[in-house]
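A.B. asks: Quick one: the structure is below, and I'll ask about it shortly.
The values are calculated or read from the model by the stated rules, or taken from the named source; none is laboratory data. What you see is a predicted model, and the numbers here were worked out from it, not measured in a lab. Cβ placement follows ideal geometry from the backbone for every residue including glycine, while neighbour counts extend to all protein chains displayed.
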Amino acid sequence: MARRNRKSAASSKAKSKAPAAQPAKPKGSGGAKVIAFANQKGGVAKTTTALNLAVAFKESGHRVLAVDMDPQGNLTMSQGVDPDKVEKSLFDVLVHRMPLREVIVEREIDVAVASIDLAGAEIAMSAQIGRERALQKAIDAERPNYDFVCIDTPPSLGLLTVNALTAADKVIVPVQCEYLSMRGLVQLQNTLQMIRENLNPGVEIEGILPTMLDSRTVHAKEAVEILEENFGELVFQSRIRKAIKFAEAPVRGTSVLKYDPDGNAAKYYRDLADEVLSHG
Ligand SMILES: Nc1ncnc2c1ncn2[C@@H]1O[C@H](COP(=O)(O)OP(=O)(O)O)[C@@H](O)[C@H]1O
Ligand SMILES: [Mg+2]
């Protein structure tokens, strides 16, 4: 399938692709594709998408690592691990430069776990040289071992998210259509542009994902239309509709794909996985 045509104001820079300067990391070298899930707004399904897309990649035969960069540890909890009880976490990776391997636990997928003290990582790193690249360095060592690395981020554009965007090849932006915030998306794009200019020239938006769609409401349809008008082909074809299973699965410590393998909720993320895989 042909690469989607990136048009509209949102991606006028996309044509120039990676600048001629040396790329921040080897592309196409056979290592993992690193995807960050970002939106500074909370409750838009970042964590749900990072986890369930990661599990869908695994189902389709890929080696997958999920990285929980949110101090709230929701992704870690969603795989049945208590962030209050883990001994080693991403805090140690970021602040003490512990190898990522040491904080990976094997669940449905491999998970590099968060702990509550990750909240203090931004301050602990603030005086360190290379603080924006700590995660990138840690992930680079694991790239040969995986096909996909999915990074969940906190609801802010602080140093933890900057680390995720610096480590990423691609960014998926979940957007809850009920409370569509164009200003928020423009702010995220500005941050990404700064990351490109200073830290990671090759990072691109893989797609904007409409989530928690209630297709019965006119408002939700309008919101998706507005997204498409503003961001064109950057908006995924896949849609994540509202389903109660999404709230139930994390309580059981599983993905929706495991909790209700034959249900619609699982299908939404399998379809999204197919769409991402078709991008190459
Ligand atoms: N498609 C959906 N339908 C219904 N509830 C959802 C859906 N996706 C996520 N949720 C629920 O919405 C809440 C916020 O989702 P979450 O993934 O934690 O967002 P974020 O990580 O962006 O803060 C969670 O309780 C989650 O279970
Ligand atoms: Mg979250």
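A.B. asks: Name the single residue, out of those in the range 241-264 being of a type outside the set (D, E, K, R), in a helix (DSSP H, G or I) and free of Cβ contacts under 8 Å to residues at least 40 places away in the same chain, that is nearest to ligand 1 (Cβ to nearest atom).
C.D. replies: 247
A.B. asks: Which of the residues that make up the range 268-278 are over 14 Å from residue 58 (Cα atoms) and more than 10 Å from ligand 1 (Cβ to nearest atom)?
C.D. replies: The answer is 275, 278.
A.B. asks: For the range 112-155, how many residues meet the condition of being without any contact (Cβ under 8 Å) to a residue 60 or more places away in the chain, more than 19 Å from residue 87 (Cα to Cα) and not in a helix (DSSP H, G or I)?
C.D. replies: 6
A.B. asks: Please work out if residue 161 is in contact (Cβ under 8 Å) with a residue 40 or more places away in the chain, farther than 16 Å from residue 39 by Cα, buried (at least 19 other Cβ atoms within 10 Å of the Cβ) and hydroxyl-bearing (Ser, Thr, Tyr).
C.D. replies: Working: in contact (Cβ under 8 Å) with a residue 40 or more places away in the chain: yes; farther than 16 Å from residue 39 by Cα: no; buried (at least 19 other Cβ atoms within 10 Å of the Cβ): yes; hydroxyl-bearing (Ser, Thr, Tyr): yes.
Here the answer is no, as residue 161 does not meet what is asked.
A.B. asks: Report whether or not residue 175 is crowded, with 18+ Cβ neighbours inside 10 Å, out of contact with any Phe, Trp or Tyr (no Cβ under 6 Å at 6 or more places or on another chain) and under 22 Å from residue 31 (Cβ atoms).
C.D. replies: no
A.B. asks: At pLDDT 95 or above and within 16 Å of ligand 2 (Cβ to nearest atom) - does that describe any residue in the range 90-99?
C.D. replies: Yes, the range 90-99 contains at least one residue that is at pLDDT 95 or above and within 16 Å of ligand 2 (Cβ to nearest atom).
A.B. asks: Evaluate the following for residue 71: is it under 30 Å from residue 230 (Cβ atoms) and within 16 Å of ligand 1 (Cβ to nearest atom)?
C.D. replies: no
A.B. asks: Turning to a different aspect of this structure: Any chance the range 223-240 includes a residue that's touching a Ser or Thr at 6+ places or on another chain (Cβ under 7 Å) and either within 16 Å of ligand 1 (Cβ to nearest atom) or of a type in the set (Gly, Ala, Ser) (or both)?
C.D. replies: Taking every residue of the range 223-240 in turn, at least one turns out to be touching a Ser or Thr at 6+ places or on another chain (Cβ under 7 Å) and either within 16 Å of ligand 1 (Cβ to nearest atom) or of a type in the set (Gly, Ala, Ser) (or both).
Condition check ((1) within 17 Å of the chain's Cα centre (by Cα); (2) within 16 Å of ligand 2 (Cβ to nearest atom)) across all residues:
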residue	(1), (2)
135	yes, no
164	yes, yes
174	yes, yes
177	no, no
182	no, no
189	yes, no
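A.B. asks: Could I ask something else about it? Counting just the residues of the range 37-71 that are within 14 Å of ligand 2 (Cβ to nearest atom) and out of contact with any strand residue (DSSP E or B) (no Cβ under 9 Å at 6 or more places or on another chain), which one comes out farthest from residue 164 (Cα to Cα)?
C.D. replies: Within the range 37-71, the match that is farthest from residue 164 (Cα to Cα) is 52.
A.B. asks: Tell me, which residue of the range 207-240 that is touching a strand residue (DSSP E or B) at 6+ places or on another chain (Cβ under 8 Å) and among the acidic types (Asp, Glu) is surrounded by the most Cβ atoms within 10 Å (Cβ to Cβ)?
C.D. replies: The residue in question is 228.
A.B. asks: Output the residues belonging to the range 44-82 that are among the aromatic types (Phe, Trp, Tyr) and within 10 Å of the chain's Cα centre (by Cα).
C.D. replies: None; the set is empty.
A.B. asks: Here's a follow-up. Given (1) surrounded by fewer than 21 Cβ atoms within 10 Å (Cβ to Cβ); (2) within 15 Å of ligand 2 (Cβ to nearest atom); (3) hydrophobic (A, V, I, L, M, F, W, C), identify the lone condition not met by residue 124.
C.D. replies: Tallying (1) surrounded by fewer than 21 Cβ atoms within 10 Å (Cβ to Cβ); (2) within 15 Å of ligand 2 (Cβ to nearest atom); (3) hydrophobic (A, V, I, L, M, F, W, C), residue 124 fails exactly one: (2).
A.B. asks: In addition: With (1) part of a helix (DSSP H, G or I); (2) surrounded by 23 or more Cβ atoms within 10 Å (Cβ to Cβ); (3) not aliphatic (A, V, I, L, M) as the list, and residue 184 as the residue in question, which single condition is left unmet?
C.D. replies: All conditions pass for residue 184, except number (2).
A.B. asks: Among the residues of the range 74-90, which ones are away from ligand 1 (no atom under 14 Å from the Cβ) and either part of a helix (DSSP H, G or I) or buried (at least 24 other Cβ atoms within 10 Å of the Cβ) (or both)?
C.D. replies: Correct list: 89, 90.
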